[in-house]
1. Just the ratio, please: alpha-carbon radius of gyration of the range 9-61 over 2.2 N^0.38 Å, N its number of residues.
2. Please compute the Cα-Cα pair-distance distribution of the range 104-168 with 5 Å bins starting at 0, giving whole percents from short to long.
3. Measure off 7 Å from each Cα along the Cα-to-Cβ vector at ARG150 and THR43, then give the distance between these two points in nanometres to one decimal.
4. Can you give the helix-only mean residue ellipticity at 222 nm for the chain, where every DSSP H stretch with n ≥ 4 adds -39500 (n - 2.57) and the sum goes over all residues, rounded to the nearest 500 deg cm²/dmol?
5. Would you mind checking the radius of gyration and Dmax of the range 136-214 based on alpha-carbon positions, in Å?
6. Counting residues in the chain as N, plug N into 2.2 N^0.38 Å and put the Cα Rg over that result.
7. If each residue of separation counts as 0.36 nm, what is the full-extension length gain between ARG191 and HIS233 once their alpha-carbon separation is subtracted?
8. Taking the convex hull of the alpha carbon atoms in the range 4-139, what volume per residue do you get, in Å³?
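What follows is calculated from the coordinates using simple rules that are stated; it is not laboratory data. Just so we're clear, the structure is a prediction, and the values are computed from it rather than from any experiment. Please note: Cβ atoms are built from the backbone with ideal geometry, for glycine as well, and neighbour counts cover all protein chains shown.
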Amino acid sequence: MTSGVSAGVRVNRFLAERGVASRRAADRMVGEGRITINGVIATLGTIIDPDRDTVWVDGRPVPPPSKRRTLMLNKPAGVVTTRSDPQGRPTVLDLLEDPAGLFPVGRLDADSRGLLLLTTDGELTLRLTHPRHGVTKRYRATVRGRVTPRVLRALTQGVLLSDGIARALAASVVDSRREGDVVEVVMSEGRRREVRRLFAALDTVVVDLVRVAVGPVMLGRLREGTARPLTPHEDAALRRAAGLEPVARR
């Protein structure tokens, strides 16, 4: 292990880059004493040298680096956004032919549908999920009844929720159906059930919620329940949106 300023990396970033867990989950694993470095139980913030240090998780060595890949999935309702579920519900990884090393980028509630990104790239995950990097998410919410101009204004002006003020960057009615209006909402954060809670705070019930875009990547006509790799153009655009350099391709 290295100390002070070095060319090493924090153990949570190392684990994320190796596809073991997201940085946040890796920190939890460190706190639970599940990570050892050169036979010593790791502590939060430990800096390691990936070329010299030996890192084990739950008594097993960390696997070698995975090939970097990012997929888009059209998640159906009823599928949970996690790698495993103690209640035995189907997970997004169950829908993939080869889930090795992939982690969901952020959350999409079990009862919501649409675009979910999965990647082996821990740094990309961090930048797409942290609000300071400004990567937006676009949703289409079908609500019960009609949406008034007052509700649209309130969505963008801000609503006080239990975890603070939340607001949409933009909100507009894009369709009117028998069951209710369809409102397109652009968000910069990804709090738990944030879009649904915003509408609920304004006495508006969401009956269907679909995420249609993450940054420049759009769901398009991908069939529900299926996944595909991002195209080189989509991958490069997503990385630029997240403030990362596109990966050179040979």
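1. Relative to the rule-of-thumb radius for its length, the range 9-61 sits at 0.94.
2. 3, 12, 17, 21, 21, 14, 7, 3, 1
3. Each label point lies 7 Å from its Cα, and together they span 5.7 nm.
4. -5500 deg cm²/dmol
5. 11.2, 34
6. Normalised by 2.2 N^0.38 Å, the Cα Rg of the chain equals 1.11.
7. 12.3 nm
8. 128 Å³
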